[in-house]
Amino acid sequence: MWGTRKDCAGTNCQGHPGVPTPYRFRPGRRMIRNLFATDNMESSTPPEPSPDQPSPQVDASQKGASHTAKSAKPGAGRGASSDAAAAPVEKATAEKPDSLYEQERRAKAVKLRELGVEPFGLRTPGLKPLAAVRALHSADFGQDGGPEVKVAGRILFIRDMGKLWFVKLRDETGELQVALDAKRLGADPEKKYLEVRKLLDLGDQIVVEGKLGATKTGEVTVWATGLAMGSKSLLPPPAKWEGLTDVEARYRRRYVDLWSNPEVMRLAQLRIRIVDEIRAFLRGRGFLEVETPILQPIHGGAAAKPFVTHHNALDLKLYMRIAPELYLKRLLVGGFSKVFEVNRNFRNEGISPRHNPEFTMLEAYEAYGNWETMAELVESMTCHVAQTVLGTLTIEHKDAEGNVRKTINLAGDTSMPAGQRWRRATMAELVEERTGWRFDKQAFSSAPLAVRYSLYNKLIDAHLGRRNAESTAASESEQEAFVEIHETLATSKAVKFQSLTPAEQFVEVYEKLIEPTLIDPTFVTQVPSVIIPLARRNPADPFFCDVYELAINGQEISPGYTELNDPDVQREKLLDQVGDSEERQEVDEDFLTALKYGMPPAGGLGLGIDRLVMMLTGAESIRDVILFPLMRPQA
């Protein structure tokens, strides 16, 4: 429904290939109906038409026509009645190549230089954000009785009413109308403001100076007495009705996506605020922010395939950081008691809605802490960030129609003390609760037949992307045949599952079947020790280690450990890793040497910043919360 519409001239507008299109991705909102129109434009702007009606408004979808709309009465002054509807614009030329639009705009840049005007602007002191200028307005100002202000922004809309033009500007803070009328701009002919006005296009960035006031209809307006170029846009802006046809174009040309779609800018600013609040919270708790190397001679701190590079001067093989953990622990050895780092990590793995090879993590370590102090820290910090930035602990994820499809309750059990309100359950409890498999540290093949039959069905459904599929009833003989086939068929997922160790099978069931169902915050504890070589074993049951895995919104968002600080046990666990050989951590002898000097007992945590932002904002893809996600090169 979004790919084609009747444009203002009554023809089918298909946009222009290669130009990124605006897309309001936030699940709770529909796509912007009209990128360059506004509900608060000067009253002479007629109401926005339906897609099937001709419209007098000029926007990106009319790139082949004049960039302005003439009033039915060319001499109509400011505040003209909305009955004075503008005539339809000239019909756009059929599929004019973008190269021709660029040629036209370049010609205008040449004319600006001939006028003595720099088309790409100059240093301009004294600028105020558009939102700040709008906030200055008072009803007492009348039409133009307010203070002199200077603003800059990108042109979203131009309405040519002859001697008077209304222009809508946008910057990172919002939108504001400016009025460019011949009387004020022509007061000093030597400055050639009127000639500059004729050379403006949608997408240009301009600087306007003038009195703050309002139109007769109350629209806050800057009445320009000065006009200068900020930057001439040599390419046309995106068409307004095609935001869903090429989502990848938004990611590839984020520099257009940000200014053409306010929701994208809003999300980027939310992310900045979230990270700022995390830093402020940790500093308030006495943590010091540090920096550790990105280029490392040994990859460690997590199980992941690293990116490999080479330092020419030292003739040294190096790895891009997959985690900062081992260096942050070295700082505990050195005498720091509380440290954290907001770090960029790089893992040579696949790309998905939840994974990007380059991503942002928070890691924090506290001497004389443990996994429980880390659980309290991450719970308190997440609630603080949500309450401060969003003003609520109830996070609603909405679909494109605005319907709430998911609600996340960060408040937890309010009868408990703050920092201890989120559910805590062992991995074994959750697996048995959801699947019926009581994990006894033995291979899955020793589980009862009915449990194996049920779990194989669920694992197959999960592999095929089916959630909550109904199981068909089967007799005991049918169950036996099904299980036997899947445990012996070479291509079966069950065969690969059977090749795993009991601990790996246990974690596989949790990750495939349990974790996606955990929407409200849940601390999953007592994970098999062999899976996490850097955590301390549980003293009561060394098969498990003292950790949590915090799941929210159906995915792990934060692990936290009671850190292992015994150098001999650490060496043993690094040598006894399971999993893909390419992802296993190397034995870092320098790190083991540091532990021999003595690291205090400590708690540590990691927090995926990208996934946290996704959870708090309702973004469905990690690409929506990363300004420049990795993309396959275009052909």
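Per-peptide packing, taken as the mean over residues of other Cβ atoms within 10 Å, places 102-109, 413-420 in the sequence 102-109, 413-420 from highest down. Selection among 265, 164, 153 by position relative to the dipole of the stretch 144-295 gives 164 as farthest towards the positive end (Cβ unit charges, Cα centre). Counting heavy atoms of the protein chains only and a 1.4 Å probe, report the per residue accessible area for the stretch 349-446 as a whole number of Å². Result: 48 Å² per residue.
With a ≥ b ≥ c taken as the square roots of the eigenvalues of the C-alpha gyration tensor of the stretch 545-635, please select rounded if a/c is under 1.5 and otherwise prolate if a/b is larger than b/c or oblate if it is not? Prolate is the answer for the stretch 545-635, as a/c is 1.5 or above and a/b outweighs b/c. FRET efficiency for the pair residue 308 and residue 415, taken as 1/(1 + (r/R0)^6) with r the Cβ-Cβ distance and R0 = 56 Å, rounds to 0.60.
The residues of the stretch 194-330 expose on average 40 square angstrom of accessible surface per residue, using a 1.4 Å probe on protein heavy atoms.
First select every other residue whose beta carbon is under 12 angstrom from the beta carbon of residue 548; then total the charges, Lys and Arg +1, Asp and Glu -1. Neighbourhood net charge equals -4. A crude spin-label estimate for the pair residue 106 and residue 628, with each label 7 Å from Cα along the Cβ direction, gives 2.5 nm. Accessible surface of residue 512, taken over heavy atoms with a 1.4 Å probe and every protein chain present, rounds to 80 Å². Taking every C-alpha pair closer than 8 Å and separated by at least 6 residues, the mean separation divided by the residue count of the stretch 521-578 gives a relative contact order of 36 percent.
In whole Å, what three semi-axes, largest first, describe the equivalent ellipsoid of the stretch 354-425 built from its Cα gyration tensor (square root of 5 times each eigenvalue)? Numbers along the way, then the final one.
Working: eigenvalues 132, 74, 25 Å².
That gives 26, 19, 11 Å for the three semi-axes.
Take the alpha carbon gyration tensor of the stretch 263-418, find the square roots of its eigenvalues, order them as a ≥ b ≥ c, and report rounded if a/c is under 1.5; if not, report prolate when a/b exceeds b/c, else oblate.
Oblate, because a/c is 1.5 or more while a/b does not exceed b/c.
Think of a 1.4 Å ball rolled over the protein heavy atoms: the stretch 555-632 then has 40 Å² of accessible area per residue. Taking all Cα pairs closer than 8 Å and separated by 6 or more residues, the relative contact order of the stretch 565-635 comes to 25 percent.
If each of residue 140 and residue 405 carries a label point 7 Å out from its Cα toward its Cβ, how far apart are those two points in nm? Going from the residue 140 label point to the residue 405 one covers 5.0 nm. Per-atom-type breakdown for the stretch 500-574 gives carbon and sulfur 52% of the accessible area (1.4 Å probe, protein chains only). Between the stretch 266-326 and the stretch 131-194, the C-alpha centres lie 45 angstrom from each other. Cross-link check: pairs 111/232; 168/232; 111/168; 329/441; 168/216 evaluated at a Cα-Cα cut-off of 21 Å; pairs beyond the cut-off: 111/168; 329/441.
Per-atom-type breakdown for the stretch 310-364 gives carbon and sulfur 55% of the accessible area (1.4 Å probe, protein chains only).
Quick check for me: using +1 on Lys/Arg Cβ and -1 on Asp/Glu Cβ, what's the dipole size of the stretch 194-349 about its Cα centre, in debye to the nearest 20?
That gives a dipole near 380 debye.
With the cut-off at 1.5 for a/c, could you classify the stretch 164-220 from its C-alpha gyration tensor as rounded, prolate or oblate? In terms of gyration-tensor shape, oblate. Ignoring any ligand, DNA or RNA, what whole percent of the accessible area of the stretch 115-270 comes from carbon and sulfur when the probe is 1.4 angstrom? Carbon and sulfur atoms account for 54 percent of the accessible area of the stretch 115-270.
The values are calculated or read from the model by the stated rules, or taken from the named source; none is laboratory data. Here the structure is a predicted model, which means the values were calculated and not measured. FYI the Cβ positions are ideal-geometry reconstructions off the backbone, even for glycines, and counts take in every protein chain you see. Remember, those area values only see protein heavy atoms, side chains included, never the ligands or the DNA or RNA. Shrake-Rupley method; radii C 1.70, N 1.55, O 1.52, S 1.80 Å.
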